[in-house]
Amino acid sequence: MIYLQLFISYLKIGFFGFGGGYAMLSLIHNEVVLQNAWLTNEEFTNIVAISQMTPGPIAINSATYVGYTVAGFWGSVVATMSVCLPALTLMILITKFFLRLKDNLYMKSTIAFMRPVVMGMILSGAMLLLFPSTQEGASFIDGWSWALFGVALIASLKKVNPIMLIVLSALAGIAIYYLPTLSPLTN
């Protein structure tokens, strides 16, 4: 039964998740946290962070993780395949018919209509990440978060070398987490 639930949930995510990973975040959150309670809000935020560090799209990484957490190896296979199935099917059909329909007025109108919808879905995903765990109690948007955001913003505007920025960010994160006087977790 759990395999069927995973299949249906991630099939819905795959069908309605236009616009890529960030646009799918609110759909994934709805299915995984709100509808089926497979993860908490905090676990969901963590899986999004982990998905950013691993290669591959967020939807596939989350499907693999949630499937494995809920139903082991075969759960991860079912969830991953079901999230990929709609895109694979759609791409086969589009490839077959796109050359004939690329100048079609209805096709152009549909694509133009989808742009603001995708932007709304991306904004919804951003809002989920902005307030990651407020329902469970603690919120991690504190002074250190704002300071790191400011440094990252200035560094991106000043065109700082990305490798140096990654190394410095890692060192800052380690210092904030492990030094008791700096850590927001010890307050």
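Could you say which residue among Met91, Met53, Met107 is among the hydrophobic types (A, V, I, L, M, F, W, C) and closer than 16 Å to Gly17 by Cα?
Going through Met91, Met53, Met107 in turn, just one is among the hydrophobic types (A, V, I, L, M, F, W, C) and closer than 16 Å to Gly17 by Cα: Met91.
Could you check region 116-132 and list, in sequence order, the residues that are modelled with pLDDT under 75, surrounded by 13 or more Cβ atoms within 10 Å (Cβ to Cβ) and either among the aliphatic types (A, V, I, L, M) or not assigned by TED's automatic domain parsing to the domain that holds Phe18 (or both)?
Hits for region 116-132 are Leu128, Leu129.
Has region 83-94 got at least one residue that is within 23 Å of Gly67 (Cα to Cα), at pLDDT 80 or above and among the β-branched types (Val, Ile, Thr)?
yes
Being outside any helix (DSSP H, G or I) and at pLDDT 90 or above, is that true of even one residue in region 21-37?
We begin by selecting, within region 21-37, every residue outside any helix (DSSP H, G or I); these are 36-37.
Within this subset, residues satisfying the condition of being at pLDDT 90 or above are 36-37.
Scanning region 21-37, I find at least one residue that is outside any helix (DSSP H, G or I) and at pLDDT 90 or above, so the answer is yes.
The values are calculated or read from the model by the stated rules, or taken from the named source; none is laboratory data. In this text the structure is predicted, and so the values were computed from the model without any measurement. Neighbour counts are summed over all protein chains in view; Cβ atoms, including those assigned to glycine, are modelled from backbone coordinates with ideal geometry.
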